[in-house]
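Working notes, beginning with the structure itself.
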Amino acid sequence: MPKDSALGLEHVTPGRFYSVGTIFMVQALIDNVAVWLCDAMPLSVSGGERHFLSVPFMRELRRKQPTADEEFGKHRGFIEEVNQYRQVWIHTISGGAIPTSDIDPFANPETAQRFLGVPLDPAIQPDQENYRKRVEQCAKRNDGRYLYRIENFTSRTFEGASAFYLGWLRFAQDHVR
């Protein structure tokens, strides 16, 4: 994605789709690993319960292989974060990257360092009444930051997905017979 003076309004919609698509793709990966484990182990969990945040799925997985809890613990924060983004963005039909700048881009269009940022709190959306309050609360919890640059958000998400996938692949190699 372009940034600084090359970033224009024509990049906002692709940036939003890209960042939201990243979350939806990673959530699908997480869910597919759970479904695969149900079939491969086999686990007596079906339908909508075959996911890593499902109590019946985790209970059955731990029953079949107690060491699954250790692998789940490594990825729990990542799984919950991806799910939080997905829940907010899919149910509000909004979300993703937002255009922003380090200074007023209208007053200084040539020197403004414009970029697409993804809110640390997925519920932060500029078109909502509580936008400023949510930004202030998020920034207070995160050393003044409330956005990831889109390239950092993407890298962070894909690195988490890779670690998740490789971790469960190793688990499967060790425990699926």
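The values are calculated or read from the model by the stated rules, or taken from the named source; none is laboratory data. All figures in this text were calculated on a predicted structure; none of them were measured in a lab. Reconstructed Cβ throughout: ideal geometry from the backbone, glycine too, with neighbour counts over all protein chains shown.
Quick notes on this one:
- Looking only at region 80-115, and only at residues there that are among the small types (Gly, Ala, Ser) and touching a strand residue (DSSP E or B) at 6+ places or on another chain (Cβ under 8 Å), the one that is modelled with the lowest pLDDT: ALA112
Each row is one residue, and each column tells you yes or no for (1) surrounded by 12 or more Cβ atoms within 10 Å (Cβ to Cβ); (2) within 28 Å of LEU29 (Cβ to Cβ); (3) touching a Ser or Thr at 6+ places or on another chain (Cβ under 6 Å); (4) of a type in the set (Gly, Ala, Ser).
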position: THR100; (1), (2), (3), (4): yes, no, no, no
position: ASN142; (1), (2), (3), (4): yes, yes, no, no
position: LEU166; (1), (2), (3), (4): no, yes, no, no
position: VAL176; (1), (2), (3), (4): yes, yes, no, no
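- Just so you know, in region 19-44 the residues that are farther than 20 Å from ARG156 by Cβ and polar (S, T, N, Q) include one that is surrounded by the fewest Cβ atoms within 10 Å (Cβ to Cβ), and it is SER44.
- The number of residues in region 118-163 that are closer than 15 Å to ILE23 by Cβ and not in a helix (DSSP H, G or I) comes to 9.
- The helices (runs of 4 or more DSSP H) located wholly in region 8-99 that include 3 or more residues which are closer than 30 Å to GLN113 by Cα occupy 12-40, 68-92.
- Whichever residue in region 50-81 is acidic (Asp, Glu) and closer than 30 Å to PHE153 by Cβ and, among such residues, is surrounded by the most Cβ atoms within 10 Å (Cβ to Cβ): GLU71
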